[in-house]
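Reading through the structure tokens given below for one structure.
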Amino acid sequence: MSEHQGTIDRIYAGFKAVYGYPQGKCGQIAEKIQNEIGGEIVAGLLVFITGEREHWWVEKDGETIDPMSDELMETDPHYHREVHRDASKKYW
């Protein structure tokens with residue numbers, strides 16, 4: 001997603017500036033990214049060796065856009081598991 005990387009980085013940096021590691025803000029981050037570059041908001045789980053965590057991200061053109069996950073991947077490998085794409089649900 002190199003053409004949009006600057007926008008994605010700017011959005012994520014803004015959340016980090018306010019919240020530190022923006023735990024609990026993944027839905028808002030995904031929504032802001034989707035509003036600026038398009039794509040589809042996805043609700044699901046980050047699956048770690050030690051368990052799962054509810055999460056939101058964006059998919060665009062077959063690519064997962066998730067700067068929070070990218071940061072976590074450096075220290076805690078995981079993968080995404082989709083639950084739904086109905087943003088009107090907001091939660092499970």
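Some values worked out for this structure:
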{"quantity": "Scan of region 46-75 for residues that are over 23 Å from SER2 (Cβ atoms), surrounded by 13 or more Cβ atoms within 10 Å (Cβ to Cβ) and among the acidic types (Asp, Glu), ordered by number", "calculated": "GLU54"}
{"quantity": "ALA43 vs. criteria small (Gly, Ala, Ser), touching a residue at least 40 places away in the same chain (Cβ under 8 Å) and more than 18 Å from GLU3 (Cβ to Cβ)", "calculated": "yes"}
{"quantity": "Pairs with Cβ under 7 Å, 6+ apart, first in region 14-31 and surrounded by fewer than 13 Cβ atoms within 10 Å (Cβ to Cβ), second assigned to a helix (DSSP H, G or I) and among the basic types (Lys, Arg)", "calculated": "none"}
{"quantity": "Condition broken by GLN34, with the remaining ones in (1) surrounded by fewer than 18 Cβ atoms within 10 Å (Cβ to Cβ); (2) under 20 Å from THR7 (Cβ atoms) satisfied", "calculated": "(1)"}
{"quantity": "Residues that are assigned to a loop (DSSP other than H, G, I, E, B) and either within 17 Å of THR7 (Cβ to Cβ) or of a type in the set (Ser, Thr, Tyr) (or both), drawn from region 76-89", "calculated": "SER88"}
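Each reported figure results from applying straightforward, stated rules to the coordinates on display, with no laboratory input. All figures in this text were calculated on a predicted structure; none of them were measured in a lab. Backbone-built Cβ (ideal geometry, glycine too); neighbour counts: all protein chains shown.
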